[in-house]
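Have a look at the structure below before the remarks.
Each reported figure results from applying straightforward, stated rules to the coordinates on display, with no laboratory input. Computed from a predicted model, the values in this text were never measured in an experiment. Methodologically, a virtual Cβ is constructed for each residue, glycine included, from the backbone with ideal geometry; neighbour enumeration extends over all protein chains shown.
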Amino acid sequence: MSLVTCPHCGKQMRSNSILGQTRCCGCHKTFIFDQKLKSAYNKEYCLRHVEEIQNYHKRYGQKHRQERNAASKRHYRRRKDLVKKEVFGKLGNKCKICGETEPACLTIHHINGDSDRKRLVATNSLERYRIYNTTTKEIALLCFNCHHKLHQGVIGLD
C-alpha cells in the first residue's frame, strides 16, 4: 500500500493497485500515480495521436500568433529605445550642426561612410547600436534635415 494524492482534487488516499492506476474516492476520477507507467502511457498516447497533436499545436499557434508577435515587438522596441538613448547620450543628445534636441528628429550619420561594413558585422539594429556605442568617433548625431542636407552637399560637417 502507498499513499497517493489525487491531481484533480488534492485528496490523499491509500492505493493498493499494482497497476499504478487508481480511482479517487473524492472526485471519482481515474489517474495514474506511477511515474514510469505515466511516461510510458504518455509516449504511447503521443504515438497514437500524432496528427491530432500536430493539429492542436497548429491551431494554438494560429490563435495566439498576433498576441505573440505584439509581445515580441514591444520587447524589441523597449530594448531598442534603451540602447538608442544610451548611444545618443554618448553623442551629446543634440544635432552636431543645428543643435536640435528632440530624440524623434535625430539620426546617426557615418562620417567615413562605413555603414555597409557595420551592417555586415551586425545581424540586427541593436547590435549595430552596440558597435556605434564603442566607435563614437566614426559617427555623428544629426537631425534628419541636416543629415539630408549633408548628403546633398548643401552643408558640410565641421
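Sorting check: for 138-146, 54-62, which peptide has the highest mean count of neighbouring beta carbons within 10 Å, and how do the rest follow?
Descending packing order for the listed peptides: 138-146, 54-62.
If neighbour count is taken as other Cβ atoms inside 10 Å, put 8, 109 in order from fewest to most. Write out the running numbers ahead of the final one.
Details: 8 13, 109 19.
Ascending Cβ contact count within 10 Å gives the list 8, 109.
Could you pull out every residue, at least 5 positions away or on a different chain, whose amide H is within less than 5 Å of the one on residue 139? Hs are placed 1.01 Å off N in the peptide plane, and Pro or chain starts have none.
111
I need the phi-derived Karplus couplings for the range 80-86: 6.51 cos²θ - 1.76 cosθ + 1.60, θ = phi - 60°, integer Hz, Gly and Pro marked x.
5, 5, 5, 5, 4, 4, 5
Taking the Cα-to-Cβ direction at residue 105 and at residue 75 and moving 7 Å from each Cα, how far apart do the two end points lie in nm?
Simple spin-label model gives 3.5 nm for this pair.
What distance in nm separates the simple spin-label points at residue 149 and residue 58, each placed 7 Å from Cα in the Cβ direction?
Modelled inter-label distance: 5.8 nm.
Under a 5 Å amide H to amide H cut-off, with H placed in plane at 1.01 Å, what residues pair with residue 100 once short-range neighbours are removed?
Correct list: 95.
Using θ = phi - 60° and the Karplus curve 6.51 cos²θ - 1.76 cosθ + 1.60, what whole-Hz ³J(HN,Hα) does each residue of the range 65-75 get, with Gly and Pro shown as x?
4, 4, 4, 5, 5, 5, 5, 5, 5, 4, 5
For a quick check: with amide H placed at 1.01 Å from N, whose amide H comes under 5 Å from residue 107's, ignoring anything fewer than 5 positions away on the same chain?
Distant-sequence amide H within range of residue 107: 142, 143, 144.
Testing the spin-label approximation: label points 7 Å from Cα along Cα→Cβ at residue 65 and residue 82. State their distance in nm.
Result: 3.0 nm between the two label points.
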